[in-house]
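Below: one structure, written as structure tokens.
The values are calculated or read from the model by the stated rules, or taken from the named source; none is laboratory data. Worth saying up front: this structure is predicted, and the values here are computed from it rather than measured. Heads up, the Cβs are rebuilt from the backbone with ideal geometry, glycines too, and the neighbour counts pull from every protein chain shown.
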Amino acid sequence: MQKLLLAVDRLSTWLGQFFAWSVLIMTLLISAEVFSRYALNQPHDWALNVQIMLYGTLFMMAGAYTLAKNNHVRGDVLYGFFAPRTQATVDLVLYVLFFLPGIVALTWAGWTYAVEALVIREKTFSATPLPLYPFKFVIPFAGGLLLLQGIVEIVRCIVCLREGAWPSREQDVEEVDVDKLKAMVHVRDEDIAALDKYVAPPKGTA
């Protein structure tokens, strides 16, 4: 079971990292468009539409990735003090009552929305129209991936309720843990204090 949970984590992580390259593409596109508009006096009407579609894709595809890393915003003023089983109970109730209905509705409506756009070969409203229907299929795809990751999180809640501890999850980029960093490079607090005294300027100097 744990291998299956981690496999879904890895899928969400890989797709999140893949679509994160949209940031670089958007940066290059915006930079090129600014240069073309102001230096060459040759603006492109399609550039803004592409930027919006890239940003929308990035935003949608980040959902499952963020859920896999347990990094969605949570009002955890009290949650962090709960025992693991209590946390799992709260999460499980919220997943069943709110997450599942909302994401199922998003995926279903997104699929209908995308198919309708495909049927009419929907395009952007601009002097240089771009095909819009491929972008709209991102909605059900991202919704389905988020639903899959949500099911994994529900299973984690059930495992935690049974065992009293949260099962492990796929690791990725994290904030720097100062204590772990000091332990890794074998630095003690006393060494840092001694270094501060050595490099600090004498009193009364600027």
> Just checking, which of Leu40, Leu29 is modelled with pLDDT of 95 or more, out of contact with any Pro (no Cβ under 8 Å at 6 or more places or on another chain) and over 23 Å from Val159 (Cβ atoms)?
Replying inline: Leu29
> Among the listed residues Met26, Met53, which satisfies the condition of being in contact with a Phe, Trp or Tyr (Cβ under 6 Å, 6 or more places away or on another chain) and in contact (Cβ under 8 Å) with a residue 12 or more places away in the chain?
Replying inline: Met53
>> Suppose we keep only residues that are among the β-branched types (Val, Ile, Thr) and surrounded by 14 or more Cβ atoms within 10 Å (Cβ to Cβ) within the range 97-114. Which one would you say is nearest to the chain's Cα centre (by Cα)?
In response: Ile103
> Among the candidates Leu147, Leu132, which residue alone is out of contact with any His (no Cβ under 8 Å at 6 or more places or on another chain), closer than 18 Å to Val8 by Cα and not polar (S, T, N, Q)?
Replying inline: Leu147
> Could we say that Asp45 is modelled with pLDDT under 95 and under 24 Å from Glu122 (Cβ atoms) here?
Replying inline: yes
>> It is to be established whether one or more residues within the range 115-134 are under 22 Å from Leu6 (Cα atoms) and among the basic types (Lys, Arg).
In response: no
>> Given the options Ile192, Ile158, name the one that is surrounded by fewer than 16 Cβ atoms within 10 Å (Cβ to Cβ), assigned to a helix (DSSP H, G or I), modelled with pLDDT of 90 or more and of a type in the set (A, V, I, L, M, F, W, C).
In response: Ile158
>> Out of Ala68, Ala142, Ala127, Ala64, I need the residue that is exposed (fewer than 14 other Cβ atoms within 10 Å of the Cβ) and among the small types (Gly, Ala, Ser). Which one?
In response: Ala127
